[in-house]
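Laboratory data are not the source of any read-out in this text; all were calculated from the coordinates shown. The shown structure was predicted, so the numbers you read here are calculated from the model rather than taken from an experiment. Positions of Cβ are generated from backbone atoms using ideal geometry, with glycine treated the same way; all protein chains shown enter the neighbour counts.
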2 protein chains.
Amino acid sequence: MTYYPSSILDLINKISKLPGIGEKTAERLTLHILRSPRKDAQELAQSIVKVKDTVRLCKKCYGLSDSDLCKICGDSTRDASILCVVEQPADMVAVEKSGAFRGMYHILSGALSPMNGIGPDDIRINELISKIEGRQVNEVVLATGTNVEGEATAVYIAQCLEKYPVKVTRIASGVPMGGDLKYVDQVTLKKAMETRHGV
Amino acid sequence: MTYYPSSILDLINKISKLPGIGEKTAERLTLHILRSPRKDAQELAQSIVKVKDTVRLCKKCYGLSDSDLCKICGDSTRDASILCVVEQPADMVAVEKSGAFRGMYHILSGALSPMNGIGPDDIRINELISKIEGRQVNEVVLATGTNVEGEATAVYIAQCLEKYPVKVTRIASGVPMGGDLKYVDQVTLKKAMETRHGV
């Protein structure tokens with residue numbers, strides 16, 4: 001890689017540190033930036049700095065926002081009586097994309113993981129309980145991941161909320177839509193069978 | 001995508017315009033930049049601006065450089081009597097990586113393509129001829145692409161150089177190393193057969 005001038009090597013090096021970007025792709029992107037108009041490169045650089053400067057956490061759901069309240073929490077047409085609990089902002093976006101939920105969100109910012117030293121006080125479970133105490137919430141939908149940490153987090157939150165007059169539900173696990181049964185793993189199929197429902 | 005604040009959407013949009021980066025990857029990279037330390041994001045932005053500000057063309061080979069002469073043209077240990085002609089700076093880097101060439105380069109900055117209105121005066125063929133006239137060059141290796149444009153460019157340059165006392169060679173085409181003959185396309189295999197050589 002010493003064939004390139006140092007400023008090019010420096011940019012290749014920085015880009016290749018981004019997740020999923022190898023050295024070959026970083027080289028290609030760097031050469032693209034070199035070829036593109038100076039204005040485009042400057043705007044890209046400005047956007048990177050701006051995203052760090054302006055984005056903060058929504059005070060209500062702890063999602064990403066560029067003001068005190070995010071677009072969803074500030075939307076009075078949404079149903080505030082139903083709360084969807086997710087691990088990360090990207091999970092919230094995934095639920096939003098499905099178009100199947102018109103309530104509010106609560107972002108934990110992680111999942112319980114004793115192996116990694118992440119306990120109930122390290123994710124926003126107390127903030128969730130305060131919400132349930134303070135507001136008129138009818139239902140809490142637990143949409144944490146379906147891996148060990150996500151399942152443990154869902155079970156823990158369900159236990160914490162037992163004493164409150166709120167319905168606690170968990171998103172369904174099972175065979176993906178459009179999927180062929182023979183390609184579905186055993187654990188998922190077992191779960192799909194156990195949680196079968198009337199049609 | 002309206003679930004994100006506008007500064008995030010703006011960065012996703014700019015990153016997804018880079019070649020080979022789709023909207024999903026752009027989203028992932030943007031969220032990574034958001035999570036990473038402010039210093040890293042600022043340094044990435046600075047590197048992007050710096051690469052546009054400092055990189056220019058080498059006055060001798062027209063490759064990428066951050067000074068008047070690139071590292072290769074400024075290296076007195078390299079053989080100035082043999083000149084490798086390539087289309088783009090990235091091609092020069094590919095030849096360098098092979099480690100099989102210790103001469104100098106000449107970068108055309110394109111290939112002849114009448115369909116796209118690119119004629120001999122649009123790529124640096126006159127500059128190549130001036131080099132041959134002005135300097136002691138014994139051999140010119142034509143390492144343009146093996147597509148129609150690259151082949152046409154090689155043939156054209158070979159004709160231009162006929163009247164000069166310089167050996168003109170073309171890099172070999174054929175079966176890729178480690179390749180299985182049954183997976184090689186017909187045109188490549190035909191070329192490999194036609195240009196067979198003694199062992």
**Asked** How high is the FRET efficiency from B:Ile171 to B:Arg56, r the C-beta distance, R0 25 Å, rounded to 0.05?
**Response** 0.35
**Request:** Quick one: with label points 7 Å out along Cα→Cβ, list the inter-copy distances for A:Glu133 in nm, shortest first?
**Result:** 8.9
**Fill in**
Under the Karplus relation with 6.51, -1.76 and 1.60 and θ = phi - 60°, whole-Hz ³J(HN,Hα) for segment B:94-106, x at Gly and Pro, equal 4, 5, 4, 4, 5, x, 9, 9, 10, x, 9, 10, 9
**Fill in**
If amide H atoms are modeled at 1.01 Å from N in the peptide plane, then the residues at a separation of 5 or more from B:Leu64, or on another chain, having amide H under 5 Å from its own are B:Cys58
**Complete:** Diffing segment A:8-19: the Karplus 3J(HN,Hα) column from phi (6.51, -1.76, 1.60, θ = phi - 60°), in whole Hz with x for Gly and Pro, holds 6, 4, 4, 5, 4, 4, 5, 5, 6, 7, 6, x
**Packing-based ranking, highest mean first, of A:85-96, A:23-34 given that Cβ atoms within 10 Å are counted** = A:85-96, A:23-34
**Value at 222 nm in deg cm²/dmol, rounded to 500, when DSSP H runs of n ≥ 4 in chain B each add -39,500 (n - 2.57)** = -12500 deg cm²/dmol
**Complete:** Amide H neighbours of B:Ile118 at under 5 Å, excluding residues fewer than 5 places away on the same chain, with H built from the backbone geometry, are B:Ser113
**Prompt:** Rg and Dmax of segment B:76-173 over Cα atoms: what are they, in angstrom?
**Reply:** 12.7, 41
**Asked** So, in nm, how far is label B:Arg196 from label A:Lys24 when the simple model puts each one 7 Å beyond its Cα toward the Cβ?
**Response** 3.2
**Asked** For the protein assembly as shown, how big is the tail of P(r) above 37 Å, as a whole percent of Cα pairs?
**Response** 46
**Request:** Taking amide H positions as placed in the peptide plane 1.01 Å from N, state which residues far from A:Val168 in sequence (5 or more) or on other chains have amide H under 5 Å from it.
**Result:** A:Val140
**Prompt:** Hull surface divided by four, with the convex hull built on the Cα atoms of segment B:1-40: how many nm²?
**Reply:** 2.9
**Asked** Using a Gaussian network model of chain B with C-alpha springs under 10 Å, which one of B:Ala143, B:Ala172, B:Ala111 is most mobile by mean-square fluctuation?
**Response** B:Ala172
**Prompt:** Got the B:Ile118 label distances to the other copies yet, label 7 Å along Cα→Cβ, in nm, shortest first?
**Reply:** 4.9
**Asked** Placing a label point 7 Å from Cα toward Cβ, how far apart in nm is B:Arg35 from its equivalents in the other copies, listed shortest first to one decimal?
**Response** 3.2
**Prompt:** Any idea what the dipole of the protein assembly as shown comes to, in debye rounded to 20, about its Cα centre with Lys/Arg Cβ at +1 and Asp/Glu Cβ at -1?
**Reply:** 120
**Message:** For the pairs A:Lys167/B:Lys24; B:Lys24/B:Lys97; A:Lys97/B:Lys14; B:Lys17/B:Lys131; A:Lys97/B:Lys50, flag any whose C-alpha to C-alpha distance is greater than 30 Å.
**Reply:** A:Lys167/B:Lys24; B:Lys24/B:Lys97; B:Lys17/B:Lys131; A:Lys97/B:Lys50
**Message:** What whole-number volume per residue, in cubic angstrom, does the convex hull of the C-alpha atoms of segment A:44-103 give?
**Reply:** 99
**Asked** In units of 2.2 N^0.38 Å, what is the alpha-carbon radius of gyration of chain B?
**Response** 1.33
**Prompt:** How big is the charge dipole of chain A about its Cα centre, in debye rounded to the nearest 20, if each Lys and Arg gets +1 on its Cβ and each Asp and Glu gets -1 on its Cβ?
**Reply:** 420
**Fill in**
If each part is reduced to its alpha-carbon centroid, segment A:75-149 and segment A:42-62 end up apart, in Å, by 22
**Asked** Residue of A with Cβ nearest the axis relating A to B, plus distance in whole Å?
**Response** A:Ala45, 2
